[in-house]
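Student: The structure that follows is given in the form of structure tokens.
The values are calculated or read from the model by the stated rules, or taken from the named source; none is laboratory data. All values derive from a computational prediction rather than experimental measurement. Using ideal geometry, Cβ is built from the backbone for each residue, glycine included, and neighbour counts are taken over all protein chains shown. Please note that ligands, DNA and RNA were not included when accessible areas were found on the heavy atoms of the full protein model with its side chains. Shrake-Rupley method; radii C 1.70, N 1.55, O 1.52, S 1.80 Å.
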Amino acid sequence: SQFSFAGLRRAWKEEAFRVELALLLVLAPVIALLQCSRLEKSVLVATLIAVLVVELLNTAVEEAINRIGPDRHPLSAAAKDLGSAAVLVTISGAAAIWCLILWPLS
């Protein structure tokens, strides 16, 4: 829909989104070449998509807070910090999953 594409155009203005999208575009072909199961490949792709989704939600929170006004407020700061923390946790989880799948246990 037009609103979804408008959201993606807005997200493109965020450097973090562009970096995370570039990472997905680089790693997706790598996943295809890996010697692992289809389930493992699916999980690896899902982690990359999850990072993008959480980044989009974080940007939405930031935009909503910015709409309220430029004044610093503890609740506004907390909302932005929590959104940023969600991105960090998602990226950390994705990295952990990649390590678990790609590094041999033996």
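Student: Which is farthest toward the positive dipole end of the chain among 23, 92, 1, measuring Cα position about the Cα centre, with Cβ charges +1 (Lys, Arg) and -1 (Asp, Glu)?
Tutor: So the residue we want is 1.
Student: To continue, here is another question. Between residue 50 and residue 96, how many nm apart are label points set 7 Å from Cα along the C-beta direction?
Tutor: 0.9
Student: Charges at C-beta only: +1 for Lys and Arg, -1 for Asp and Glu. How large is the resulting dipole of the chain about its Cα centre, in Debye rounded to 20?
Tutor: 220
Student: Angle between the Cα long axis of helix 38-68 and the longest principal axis of the chain, 0 to 90 degrees, nearest 10?
Tutor: 10
Student: Can I ask one more? Dipole size in debye (nearest 20) for segment 38-94 around its Cα centre, Lys and Arg Cβ +1, Asp and Glu Cβ -1?
Tutor: Here segment 38-94 has a charge dipole of around 140 debye.
Student: Rolling a 1.4 Å sphere over the protein heavy atoms, what is the accessible area per residue of the chain, to the nearest Å²?
Tutor: 72
Student: Now for a different question. Ignoring ligands, DNA and RNA, how do 68, 49, 31 rank by accessible area with a 1.4 Å probe, largest first?
Tutor: 68, 49, 31
Student: Extension gain residue 80-residue 67, at 0.36 nm per residue separation less the Cα-Cα distance, in nm?
Tutor: 3.4 nm
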